[in-house]
1. Could you tell me whether any residue of the range A:135-155 is free of Cβ contacts under 8 Å to residues at least 12 places away in the same chain, exposed (fewer than 14 other Cβ atoms within 10 Å of the Cβ) and farther than 24 Å from A:LEU191 by Cα?
2. Among the helices (runs of 4 or more DSSP H) confined wholly to the range B:107-212, which include 2 or more residues that are under 16 Å from the mean Cα position of the chain (by Cα)?
3. Restricting the search to the range B:4-43, which residues are within 14 Å of chain A (Cβ to nearest Cβ), over 25 Å from B:LEU122 (Cα atoms) and charged (D, E, K, R)?
4. Might you check whether a residue that is touching a Phe, Trp or Tyr at 6+ places or on another chain (Cβ under 7 Å), more than 7 Å from DNA strand C (Cβ to nearest atom) and within 20 Å of B:GLN10 (Cα to Cα) occurs anywhere in the range B:150-171?
5. Can you spot a residue in the range A:158-177 that is small (Gly, Ala, Ser), more than 13 Å from chain B (Cβ to nearest Cβ) and surrounded by fewer than 16 Cβ atoms within 10 Å (Cβ to Cβ)?
6. Scanning for something within 12 Å of DNA strand C (Cβ to nearest atom), under 30 Å from A:ARG168 (Cα atoms), out of contact with any Cys (no Cβ under 9 Å at 6 or more places or on another chain) and free of Cβ contacts under 8 Å to residues at least 24 places away in the same chain, does the range B:173-184 turn up at least one residue?
7. Right, B:GLN60: of a type outside the set (Val, Ile, Thr), surrounded by fewer than 19 Cβ atoms within 10 Å (Cβ to Cβ), within 14 Å of chain A (Cβ to nearest Cβ) and in a strand (DSSP E or B) or not?
There are 2 protein chains.
Amino acid sequence: MLQVREGQLQVLLWQRARNPFLGAWSAPGGYLEPGETLEQSIRGHLAMKVDVRELAHLEQLEVLSDPRRNPLEWELATAYLGLIPADVDPEVPEDTRWHPVSHLPELAFDHRAIVLAGRDRLRAKLSYTNVGYALAPAVFSISELRELYVAALGHEVSATNLQRVLLRRGVLERTGERREPGRVGGRPAALYRFRSRRLEITDQFAALRPPG
Amino acid sequence: MLQVREGQLQVLLWQRARNPFLGAWSAPGGYLEPGETLEQSIRGHLAMKVDVRELAHLEQLEVLSDPRRNPLEWELATAYLGLIPADVDPEVPEDTRWHPVSHLPELAFDHRAIVLAGRDRLRAKLSYTNVGYALAPAVFSISELRELYVAALGHEVSATNLQRVLLRRGVLERTGERREPGRVGGRPAALYRFRSRRLEITDQFAALRPPG
DNA sequence: TAGGTTTACGACTGTGGGGCGAAAACCTCG
DNA sequence: CGAGGTTTTCGCCCCACAGTCGTAAACCTA
């Protein structure tokens with residue numbers, strides 16, 4: 001469960017109240033009930049922590065099957081990556097907190113690797129899909145979008161480039177509106193939205209494309 | 001379990017001898033034993049069908065959890081993609097056969113979707129990683145490699161381009177040897193090998209790279 | 001030796017991302 | 001009302017690199 005908050009990519013974690021790893025932080029999740037889909041299960045367990053209607057993207061990462069991942073018993077886990085747009089601030093329970101992915105606390109099980117795998121998956125997909133919609137509000141200016149990309153990618157992004165690339169690919173479209181001139185001065189920003197809010201691949205890999 | 005055979009991308013399937021889906025073709029696999037890793041399990045079950053030392057690449061695809069995927073009982077499955085180099089022809093049991101991915105027979109469960117997902121994953125990774133090593137013999141000429149890429153990608157690939165791209169990225173290196181002049185005539189081909197036979201990402205995605 | 005075949009390689013072209021600087025459109029302050 | 005500052009937008013140039021093509025190289029057969 002990742003979200004860009006205060007200019008940083010953060011992950012939702014809760015503090016374990018029992019062994020193993022008592023007191024360590026942990027990604028939300030739980031056991032799969034018979035007859036249930038994995039996605040149903042993860043949504044159900046997330047619903048205990050946040051309002052799942054705010055979940056803009058959910059994607060399977062990998063299955064962890066190392067028998068030593070849980071010291072008490074043999075247990076498999078399927079890791080998911082969830083994304084929440086930056087403009088909502090979900091209510092979370094007492095034991096649950098957002099943590100910057102760049103400064104993770106002690107994590108239970110293999111959850112540290114899972115969080116980092118989720119971050120890496122997000123970074124890769126930002127470049128060749130339109131997942132950005134899951135990080136951004138419905139409507140935004142290019143510089144606001146730029147800040148989200150900078151936080152998620154961990155490196156500078158030129159606003160000029162971002163606009164040009166995403167427009168050329170048809171990922172973004174102008175709403176025609178502009179931001180109301182605020183008190184700071186400066187040219188009012190044009191507003192954009194994602195043309196589609198469902199995952200699409202927008203970049204054929206550069207090399208070895210079909211001819212023509 | 002994919003391999004390029006006779007210029008076509010083919011998949012290893014075996015014919016089910018019991019219900020459900022009696023008589024339908026199925027991807028190899030089996031149940032996970034307690035304390036076992038998923039990868040250990042899949043290797044074990046593959047060993048019953050082929051010599052696993054010939055397996056050049058093995059990679060997790062996804063978990064299938066739809067409760068209707070098995071009509072008899074609730075069952076999860078983790079799909080794997082395996083690749084075998086084109087220069088080996090493994091012994092396979094009586095009930096097991098290679099099928100072109102482009103002409104699949106009736107498949108059991110959701111195995112048709114799994115096979116196609118594996119093919120798509122392979123196609124994508126051929127473009128931005130060095131997975132090619134898992135399809136190719138240890139040593140090969142560019143035109144031989146080209147045929148493998150054509151079969152796997154399903155579209156034409158220019159030998160000139162393939163050579164230039166893979167050399168520039170440092171994926172291939174020349175062995176210094178050349179193919180013995182055969183009886184067909186023509187200039188003898190220089191021989192190449194993959195510099196590394198372990199999976200590496202060789203292409204940063206085009207857009208939104210770090211500056212500099 | 002001429003002609004055919006296969007491979008290798010250099011040159012040209014085109015697409016598209018990265019960078020930069022100027023222009024646009026707002027503000028505030030004197 | 002104009003000067004100066006700020007933020008956004010846009011056009012222009014550069015360059016990396018994939019795609020195409022034509023030619024040279026290195027073999028064969030007749």
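The values are calculated or read from the model by the stated rules, or taken from the named source; none is laboratory data. Not measured: the values here are computed from a predicted model. Cβ placement follows ideal geometry from the backbone for every residue including glycine, while neighbour counts extend to all protein chains displayed.
1. No, because not a single residue in the range A:135-155 is free of Cβ contacts under 8 Å to residues at least 12 places away in the same chain, exposed (fewer than 14 other Cβ atoms within 10 Å of the Cβ) and farther than 24 Å from A:LEU191 by Cα.
2. Working: elements: B:111-128, B:142-153, B:159-168.
Because the criterion is at least 2 residues that are under 16 Å from the mean Cα position of the chain (by Cα), the helices (runs of 4 or more DSSP H) in the range B:107-212 that meet it are B:111-128, B:142-153.
3. The answer is B:GLU33, B:GLU36.
4. Within the range B:150-171, one or more residues are touching a Phe, Trp or Tyr at 6+ places or on another chain (Cβ under 7 Å), more than 7 Å from DNA strand C (Cβ to nearest atom) and within 20 Å of B:GLN10 (Cα to Cα).
5. Yes - at least one qualifying residue is present in the range A:158-177.
6. no
7. Numbers: of a type outside the set (Val, Ile, Thr): yes; surrounded by fewer than 19 Cβ atoms within 10 Å (Cβ to Cβ): yes; within 14 Å of chain A (Cβ to nearest Cβ): yes; in a strand (DSSP E or B): yes.
The answer is yes for B:GLN60.
Let's see how each residue does on (1) surrounded by 17 or more Cβ atoms within 10 Å (Cβ to Cβ); (2) within 14 Å of the chain's Cα centre (by Cα); (3) at pLDDT 95 or above:
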{"position": "A:GLY35", "(1), (2), (3)": "no, no, no"}
{"position": "A:VAL50", "(1), (2), (3)": "yes, no, no"}
{"position": "A:ARG53", "(1), (2), (3)": "no, no, no"}
{"position": "A:ALA56", "(1), (2), (3)": "yes, yes, yes"}
{"position": "A:ALA77", "(1), (2), (3)": "yes, no, yes"}
{"position": "A:LEU83", "(1), (2), (3)": "yes, yes, yes"}
{"position": "A:ALA86", "(1), (2), (3)": "yes, yes, yes"}
